[in-house]
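Colleague: Input: one structure, supplied below.
The values are calculated or read from the model by the stated rules, or taken from the named source; none is laboratory data. These figures come from a predicted structure and were not determined experimentally. Ideal geometry is used to build each Cβ from the backbone, glycine not excepted, and the neighbour counts take in all protein chains shown.
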Amino acid sequence: MSENRARRVAGQIKKEVSQIINLEIKDPRVTSLVSVTGVILTRDLQYATVYVSIYGSEEEKRDTYETLLRASGFIRGEIGRRIRLRRTPEIAFQQDNSMEYGARIEQVLKTLDMDKDQPEK
(Lines give C-alpha, C1' and ligand atoms only; values in the text may rest on other atoms or scores of the structure.)
Protein backbone atom coordinates (compact mmCIF):
# COMPACT_ATOMS: atom_id res chain seq x y z
CA MET A 1 0.00 0.00 0.00
CA SER A 2 1.37 3.39 -0.97
CA GLU A 3 2.20 5.83 1.83
CA ASN A 4 0.66 8.62 -0.23
CA ARG A 5 -2.61 6.72 -0.50
CA ALA A 6 -2.68 6.06 3.25
CA ARG A 7 -2.02 9.76 3.90
CA ARG A 8 -4.75 10.79 1.46
CA VAL A 9 -7.29 8.38 2.98
CA ALA A 10 -6.32 9.58 6.49
CA GLY A 11 -7.07 13.15 5.37
CA GLN A 12 -10.47 12.09 4.06
CA ILE A 13 -11.24 10.25 7.29
CA LYS A 14 -10.21 13.29 9.34
CA LYS A 15 -12.56 15.53 7.36
CA GLU A 16 -15.48 13.09 7.56
CA VAL A 17 -15.05 12.28 11.27
CA SER A 18 -14.95 16.00 12.05
CA GLN A 19 -18.22 16.56 10.18
CA ILE A 20 -19.88 13.54 11.77
CA ILE A 21 -18.91 14.58 15.29
CA ASN A 22 -19.88 18.22 14.90
CA LEU A 23 -23.02 17.82 12.80
CA GLU A 24 -24.51 14.38 13.30
CA ILE A 25 -23.89 13.21 16.85
CA LYS A 26 -26.86 14.58 18.75
CA ASP A 27 -25.91 13.19 22.17
CA PRO A 28 -26.36 15.91 24.83
CA ARG A 29 -23.19 14.72 26.58
CA VAL A 30 -21.16 16.13 23.71
CA THR A 31 -21.42 19.60 25.21
CA SER A 32 -17.88 20.77 24.63
CA LEU A 33 -16.08 21.72 21.48
CA VAL A 34 -14.39 18.77 19.77
CA SER A 35 -11.67 19.20 17.19
CA VAL A 36 -10.16 16.36 15.17
CA THR A 37 -6.44 17.13 15.17
CA GLY A 38 -5.16 14.18 13.20
CA VAL A 39 -5.63 10.65 11.93
CA ILE A 40 -2.97 7.98 11.74
CA LEU A 41 -3.87 5.11 9.48
CA THR A 42 -2.01 1.82 9.29
CA ARG A 43 -0.37 1.06 5.96
CA ASP A 44 -2.92 -1.68 5.25
CA LEU A 45 -5.79 0.77 5.99
CA GLN A 46 -7.25 -1.59 8.60
CA TYR A 47 -6.98 0.65 11.68
CA ALA A 48 -7.31 4.40 12.17
CA THR A 49 -6.34 6.28 15.30
CA VAL A 50 -8.30 9.52 15.44
CA TYR A 51 -6.79 12.23 17.65
CA VAL A 52 -9.28 14.66 19.17
CA SER A 53 -8.89 17.81 21.25
CA ILE A 54 -11.80 18.34 23.60
CA TYR A 55 -12.35 21.74 25.18
CA GLY A 56 -14.37 22.27 28.35
CA SER A 57 -14.34 21.32 32.00
CA GLU A 58 -12.77 18.03 33.07
CA GLU A 59 -16.23 16.49 33.47
CA GLU A 60 -17.32 17.67 30.01
CA LYS A 61 -14.12 16.30 28.49
CA ARG A 62 -14.62 12.92 30.15
CA ASP A 63 -18.29 12.70 29.12
CA THR A 64 -17.52 13.76 25.56
CA TYR A 65 -14.66 11.27 25.22
CA GLU A 66 -16.80 8.42 26.57
CA THR A 67 -19.57 9.36 24.14
CA LEU A 68 -17.12 9.33 21.23
CA LEU A 69 -15.93 5.87 22.26
CA ARG A 70 -19.52 4.62 22.34
CA ALA A 71 -20.27 6.24 18.98
CA SER A 72 -17.23 4.76 17.22
CA GLY A 73 -19.38 2.07 15.54
CA PHE A 74 -21.79 4.69 14.19
CA ILE A 75 -18.86 6.84 13.03
CA ARG A 76 -17.21 3.85 11.34
CA GLY A 77 -20.46 3.05 9.53
CA GLU A 78 -20.80 6.63 8.32
CA ILE A 79 -17.20 6.63 7.08
CA GLY A 80 -17.89 3.40 5.21
CA ARG A 81 -20.89 5.01 3.57
CA ARG A 82 -19.03 8.19 2.59
CA ILE A 83 -15.60 6.93 1.53
CA ARG A 84 -15.18 4.13 -0.99
CA LEU A 85 -12.85 1.58 0.54
CA ARG A 86 -12.78 -2.20 0.33
CA ARG A 87 -12.85 -2.37 4.10
CA THR A 88 -13.68 0.43 6.49
CA PRO A 89 -10.94 0.79 9.09
CA GLU A 90 -11.53 0.18 12.78
CA ILE A 91 -11.70 3.53 14.58
CA ALA A 92 -9.88 4.19 17.85
CA PHE A 93 -10.07 7.60 19.51
CA GLN A 94 -7.15 9.12 21.37
CA GLN A 95 -7.25 12.41 23.27
CA ASP A 96 -4.79 15.04 22.06
CA ASN A 97 -3.76 17.28 24.93
CA SER A 98 -0.98 19.07 23.05
CA MET A 99 -2.85 22.41 23.00
CA GLU A 100 -3.25 22.39 26.78
CA TYR A 101 0.35 21.27 27.21
CA GLY A 102 1.57 24.10 24.97
CA ALA A 103 -0.54 26.66 26.86
CA ARG A 104 0.90 25.44 30.16
CA ILE A 105 4.46 25.74 28.86
CA GLU A 106 3.72 29.24 27.60
CA GLN A 107 2.33 30.19 31.03
CA VAL A 108 5.47 28.88 32.76
CA LEU A 109 7.72 30.78 30.36
CA LYS A 110 5.80 34.02 30.98
CA THR A 111 6.14 33.47 34.73
CA LEU A 112 9.89 32.98 34.32
CA ASP A 113 10.11 36.16 32.22
CA MET A 114 8.23 38.13 34.90
CA ASP A 115 10.58 36.78 37.58
CA LYS A 116 13.60 37.83 35.49
CA ASP A 117 12.25 41.40 35.14
CA GLN A 118 11.73 41.81 38.92
CA PRO A 119 14.65 43.56 40.68
CA GLU A 120 16.40 41.51 43.37
CA LYS A 121 16.07 42.73 46.94
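Colleague: May I ask you to say which residue of LEU68, LEU109 is in a helix (DSSP H, G or I), over 14 Å from LYS14 (Cα atoms) and touching a helix residue (DSSP H, G or I) at 6+ places or on another chain (Cβ under 8 Å)?
Modeller: Numbers: LEU109 fails: touching a helix residue (DSSP H, G or I) at 6+ places or on another chain (Cβ under 8 Å).
Only one candidate qualifies: LEU68.
Colleague: Restricting to region 49-90, give me the number of residues that are surrounded by fewer than 14 Cβ atoms within 10 Å (Cβ to Cβ), charged (D, E, K, R) and under 22 Å from ARG7 (Cα atoms).
Modeller: 5
Colleague: Could you grab me the full set of residues in region 26-53 that are touching a helix residue (DSSP H, G or I) at 6+ places or on another chain (Cβ under 7 Å), modelled with pLDDT under 90 and assigned to a strand (DSSP E or B)?
Modeller: VAL34
Colleague: How many residues are over 23 Å from LYS61 (Cβ atoms) and either touching a Gly at 6+ places or on another chain (Cβ under 9 Å) or of a type in the set (Ser, Thr, Tyr) (or both) when one looks only at region 1-42?
Modeller: Of the residues in region 1-42, 3 are over 23 Å from LYS61 (Cβ atoms) and either touching a Gly at 6+ places or on another chain (Cβ under 9 Å) or of a type in the set (Ser, Thr, Tyr) (or both).
Colleague: When you scan region 13-27, do you find a residue that is closer than 25 Å to GLY102 by Cβ, surrounded by fewer than 17 Cβ atoms within 10 Å (Cβ to Cβ) and free of Cβ contacts under 8 Å to residues at least 60 places away in the same chain, even just one?
Modeller: Looking through region 13-27, at least one residue is closer than 25 Å to GLY102 by Cβ, surrounded by fewer than 17 Cβ atoms within 10 Å (Cβ to Cβ) and free of Cβ contacts under 8 Å to residues at least 60 places away in the same chain.
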